[in-house]
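Q: Below: one structure in structure tokens.
The values are calculated or read from the model by the stated rules, or taken from the named source; none is laboratory data. Everything numeric here is computed off the predicted structure, so don't read it as measured data. Don't worry about glycine lacking a Cβ; one is built from the backbone with ideal geometry, like all the others, and counts go over all protein chains shown.
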Amino acid sequence: MAATPAKKRIAYYHDDDIGAYSYTYVHPMKPHRIRMAHNLIVNYGLDKKMDVLRPERASPHSMTAFHTDEYINFLTTVTSDTLEELTGHGTRFLIGEDCPAFDGLFEFCSISAGGSISSARRLNDGQADIAINWAGGLHHAKKREASGFCYVNDIVLAILELLRFHARVLYIDIDIHHGDGVEEAFYTTDRVMTCSFHKFGDYFPGTGALGDQGIGKGKGYAINVPLRDGIEDESYHSMFKPIIQHLMDWYRPGAVILQCGADSLAEDKLGCFNLSMRGHAECVQFMKTFDVPLIVLGGGGYTIRNVARTWAYETGILAGVDMNEDLPFNDYIEYYGPAFKLDVPNNNMDNLNSPQYLESIKVTIMETLKQMPFAPSAPNMPVPREVRLEEDLDSDLELDTRISQKTRDAFTERYGDTLSDDEDDMPFLSPPPKVQRLNGNGHRHGRGRRKKVVPQNGFEEDTTAESDSDRPSKEPIKPKRTFFAANGPRPDLLTAIRSGALAPRANGQ
Ligand SMILES: [Zn+2]
């Protein structure tokens, strides 16, 4: 393992507006948790150790580096009034109730994606060793469809940006759910290795079996670690560390993205793992020890007081700060009672992952990896087009017209010299958040499964060849009312591949 450099330059992306959006009152996904984490981070003084930056928002055009034009157009225009019509009565774009068309949806996506794209650009520019975007990590979003609370796949967009400068990128996912959207986007290329540790079996999204390893040129470059309920810290790291160490040594990525979904913590409202805060954060600590540019993203996490604790603690680990176990006073202190501690302990649930089961998985994965070539080179590598943020927008002018000098002064007084001189990054300033009102339209229906999924290669820019015209506009509608409970059929992608209906794209990507 490489020695830890004395000091890493950290770029921390945050836009406080993110906390004002609401998926609906009853929805388990609460963007408010990101604001809570940020408030803890500031009250621990971690902002003094990092470049605190407000990301440029991602433009619709930038999102089409991965998503289809028609899907992004839809996201920019949909309202509760037009939802039924634009989705073909719930048969495309937003299917089921997991992904509601809440007020401000596109702006929410542009903040989330803007932070991850900005993170990649910051690493590419050599201005940071580590970038953090807790508003990112929305790993289920597909090329033409929202899934599992995720609309725009900020991770795929960030990876595409990294691939402009790096021959190989490693994506690691410690959310309890399989990182299906990212895996699918890069399933046919060796330039991105995806590695997901997740609950498998009767669980959303249903993908991520041990034998799913990629196809074509990408065969062997998708790694899935299927786990069972109740895995605790020691068992988890008996898998995570040797597998990741091998990937770092053998695949030799130029950059790494770590998705830190916090629904793998004990006591998560939707999860069933048993990781403590420190066990979860050990993955972050482990990745910090490698001298490779690193992007750390959020993801799932539904017991929001524990999400905020964990992401604040992990920020502290990346910033190299020892944090007092007694929480500082903060704007959301009432959430953390009665103990008010910086801790998420394990509980006493059974660990259904026997040592034999874990060993057998590990052996299978390691045997496969040993057959892979060392640091596959990418001669004549295709360079994804540049991911543009708010093009046609002069950041400085925008800043001047939107934010008064008084607000700037207040910011400087509070945050000191943490402002960036980078023209690409707006400093973190918080205009008054918009109050997001919900429309209460909480009962939508969707198809239980997709008709067809094609390999969604992030390199592709062809958004015309795969129109949605193959989707029936009115097929029988099936209620789907439970969050993440649709432990759906085996992935259509794999079914299609096995049936020979789909072959890797002609360009071998
Ligand atoms: Zn999740």
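Conditions (1) modelled with pLDDT under 95; (2) among the hydrophobic types (A, V, I, L, M, F, W, C); (3) closer than 22 Å to V387 by Cα, marked per residue:
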position: A131; (1), (2), (3): no, yes, yes
position: H139; (1), (2), (3): no, no, yes
position: L157; (1), (2), (3): no, yes, yes
position: D173; (1), (2), (3): no, no, no
position: T207; (1), (2), (3): no, no, no
position: Y221; (1), (2), (3): no, no, no
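Q: Still on this structure, please answer the following. Any residue in region 191-201 that is within 16 Å of the ligand (Cβ to nearest atom), of a type in the set (V, I, T) and crowded, with 24+ Cβ neighbours inside 10 Å?
A: Yes.
Q: Turning to a different aspect of this structure: For region 360-383, how many residues are part of a helix (DSSP H, G or I) and not aliphatic (A, V, I, L, M)?
A: Adding up the residues that qualify gives 6.
Q: Working only within region 106-143, note down all residues that are in contact with a Phe, Trp or Tyr (Cβ under 7 Å, 6 or more places away or on another chain) and either surrounded by fewer than 24 Cβ atoms within 10 Å (Cβ to Cβ) or among the aromatic types (F, W, Y) (or both).
A: If the condition is that a residue be in contact with a Phe, Trp or Tyr (Cβ under 7 Å, 6 or more places away or on another chain) and either surrounded by fewer than 24 Cβ atoms within 10 Å (Cβ to Cβ) or among the aromatic types (F, W, Y) (or both), then F108, N124, W134, K143 are the ones that fit.
One line per residue, one yes/no per condition, for (1) away from the ligand (no atom under 16 Å from the Cβ); (2) among the basic types (K, R); (3) surrounded by fewer than 22 Cβ atoms within 10 Å (Cβ to Cβ); (4) modelled with pLDDT under 95:
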| position | (1), (2), (3), (4) |
| --- | --- |
| A262 | no, no, no, no |
| A266 | no, no, no, no |
| E282 | yes, no, yes, no |
| L294 | yes, no, no, no |
| G301 | no, no, no, no |
| N306 | no, no, no, no |
| W311 | no, no, no, no |
| Y335 | yes, no, yes, no |
| P355 | yes, no, yes, no |
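Q: Would a scan of region 290-311 turn up a residue that is in contact (Cβ under 8 Å) with a residue 60 or more places away in the chain, part of a helix (DSSP H, G or I) and touching an Asp or Glu at 6+ places or on another chain (Cβ under 9 Å)?
A: Looking through region 290-311, at least one residue is in contact (Cβ under 8 Å) with a residue 60 or more places away in the chain, part of a helix (DSSP H, G or I) and touching an Asp or Glu at 6+ places or on another chain (Cβ under 9 Å).
Q: Would you be able to tell me the number of residues in region 115-137 that are within 16 Å of the ligand (Cβ to nearest atom) and either free of Cβ contacts under 8 Å to residues at least 40 places away in the same chain or out of contact with any strand residue (DSSP E or B) (no Cβ under 6 Å at 6 or more places or on another chain) (or both)?
A: Adding up the residues that qualify gives 2.
Q: Being within 13 Å of the ligand (Cβ to nearest atom), in a loop (DSSP other than H, G, I, E, B) and touching a residue at least 24 places away in the same chain (Cβ under 8 Å): is that true of H140 here?
A: Here the answer is yes, as H140 does meet what is asked.
Q: Just one of the numbered conditions (1) away from the ligand (no atom under 16 Å from the Cβ); (2) hydroxyl-bearing (S, T, Y); (3) touching a residue at least 60 places away in the same chain (Cβ under 8 Å); (4) assigned to a helix (DSSP H, G or I) is not true of S112; which one?
A: Here S112 meets the rest and fails (1).
Q: In the set P226, P242, which member is out of contact with any helix residue (DSSP H, G or I) (no Cβ under 6 Å at 6 or more places or on another chain), over 26 Å from S112 (Cβ atoms) and within 16 Å of the ligand (Cβ to nearest atom)?
A: That would be P226, the only listed residue that is out of contact with any helix residue (DSSP H, G or I) (no Cβ under 6 Å at 6 or more places or on another chain), over 26 Å from S112 (Cβ atoms) and within 16 Å of the ligand (Cβ to nearest atom).
Q: Residue by residue through region 153-182, note down the ones that are within 16 Å of the ligand (Cβ to nearest atom) and not in a helix (DSSP H, G or I).
A: Scanning region 153-182 gives N153, Y171, I172, D173, I174, D175, I176, H177, H178, G179.
Q: Separate question: So, restricting to strands (runs of 3 or more DSSP E) that lie completely within region 186-287, which ones have at least 1 residues that are of a type outside the set (K, R) and farther than 29 Å from H67 by Cβ?
A: 222-227
Q: Pairs needed: first member in region 218-246, on the phi > 0 side of the Ramachandran plot; second member anywhere, in a helix (DSSP H, G or I) and modelled with pLDDT under 95; C-beta distance under 7 Å; at least 6 residues apart or different chains.
A: From residues that are on the phi > 0 side of the Ramachandran plot, the pairs are G220/T368.
Okay, residues lined up against (1) in contact (Cβ under 8 Å) with a residue 40 or more places away in the chain; (2) within 28 Å of R168 (Cα to Cα):
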site: S276; (1), (2): yes, no
site: H280; (1), (2): yes, yes
site: C283; (1), (2): yes, yes
site: I317; (1), (2): no, yes
site: D326; (1), (2): no, no
site: I333; (1), (2): no, no
site: P345; (1), (2): yes, no
site: M366; (1), (2): yes, yes
site: V383; (1), (2): yes, yes
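Q: Which one of the conditions (1) under 21 Å from the mean Cα position of the chain (by Cα); (2) farther than 20 Å from Q285 by Cα does L265 fail to meet, given that it meets all the rest?
A: Only one criterion is unmet by L265, namely (2).
Q: Could you grab me the full set of residues in region 36-89 that are modelled with pLDDT of 95 or more, part of a loop (DSSP other than H, G, I, E, B) and over 18 Å from A113 (Cα atoms)?
A: Y44, G45, M50
Q: Would a scan of region 71-92 turn up a residue that is within 20 Å of the chain's Cα centre (by Cα) and within 16 Å of the ligand (Cβ to nearest atom)?
A: Looking for residues that are within 20 Å of the chain's Cα centre (by Cα) and within 16 Å of the ligand (Cβ to nearest atom), one finds none in region 71-92, hence no.
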